[in-house]
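Participant: Mind having a look at this structure? Questions to follow.
The values are calculated or read from the model by the stated rules, or taken from the named source; none is laboratory data. This is a predicted model, so every value here is computed, not measured. Glycine gets a Cβ as well: all are built from the backbone with ideal geometry, and neighbour counts include every protein chain shown. We work out accessible area using only protein heavy atoms, side chains counted, and drop any ligands, DNA or RNA first. Shrake-Rupley method; radii C 1.70, N 1.55, O 1.52, S 1.80 Å.
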Amino acid sequence: MRLEKNRHAVYKLQFRLIIVTKGGHPIIDKEISLRLKEIAKHIFEDSWKCKILEVETEEDHIHIAFESSPQTQLSKLVNNFKTVSSRLIRKEFKNHLRKYYWKDFFWSPSYCLLSVGGAPIEIIREYIRSQKKPQ
């Protein structure tokens, strides 16, 4: 296992994030899936300096496996992703979402964030890759 390090710490912090669409509606199609992956890369890697290990979507949720530093405020990272991705998806796919949401919704207000713990990252990656892809 390769440890990361910065000025003050040596660490290996890996997480799995799952966010479900508001009401569990099956609204994530191929186009939205691709756009969500682009947004995730930008927010997690460019803005928050995390490393995405794997990202995949199903029709009603997104899985993101990522590494972060000890300085990353996870709740702020997740809320930043949810806010920005919701705003962009609602703007870019307004007509597609109209039949499900009449207010400014995309994600459920809650989320699931798990530390990867002792599971080898390859097992986590394979699980995420095996998720059913949007039609």
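Participant: Using the crude model of +1 on Lys and Arg Cβ and -1 on Asp and Glu Cβ, and no other charge, please compute the dipole size for segment 1-108 relative to its Cα centre, in debye to 20.
Facilitator: Magnitude of the dipole: close to 380 debye.
Participant: Still on this structure: Going highest first, how would you order 60-66, 41-47, 121-127 by mean Cβ packing within 10 Å?
Facilitator: So the order, starting with the most tightly packed, is 60-66, 41-47, 121-127.
Participant: From the phi of every residue in segment 6-22, what ³J(HN,Hα) in whole Hz does the Karplus formula 6.51 cos²θ - 1.76 cosθ + 1.60 yield, where θ is phi - 60° and glycine or proline is x?
Facilitator: For segment 6-22, the Karplus curve yields 9, 4, 10, 8, 10, 7, 8, 10, 10, 9, 10, 10, 10, 10, 9, 5, 4 Hz.
Participant: What's the angle, to the nearest 10 degrees (0 to 90), between helix 74-92's Cα axis and the longest principal axis of the chain?
Facilitator: On a 0 to 90 degree scale, this one is about 30.
Participant: What list of ³J(HN,Hα) values in whole Hz, one per residue of segment 51-56 in order, does the Karplus curve 6.51 cos²θ - 1.76 cosθ + 1.60 (θ = phi - 60°) give from phi, with Gly and Pro shown as x?
Facilitator: 10, 6, 8, 6, 9, 8
Participant: Give the distance, in whole Å, between the Cα centre of segment 1-21 and the Cα centre of segment 23-101.
Facilitator: Segment 1-21 and segment 23-101 have Cα centres spaced 18 Å from each other.
Participant: Determine the share of segment 1-76's accessible area contributed by carbon and sulfur atoms, expressed in whole percent, with a 1.4 angstrom probe.
Facilitator: Numbers: 2040 of 4080 Å².
About 50 percent, which is the carbon plus sulfur part of the accessible surface.
Participant: What residue among Thr72, Leu53, Pro26 has its Cα farthest toward the positive end of the dipole of the chain, where the charges are +1 on Lys, Arg and -1 on Asp, Glu, each on the Cβ?
Facilitator: In the chain, that residue is Thr72.
Participant: So, how do all the Cα-to-Cα distances of the chain break down into 10 Å bins, in percent, from 0 on up?
Facilitator: Answer for the chain: a P(r) of 12, 44, 32, 11, 2, 0 percent.
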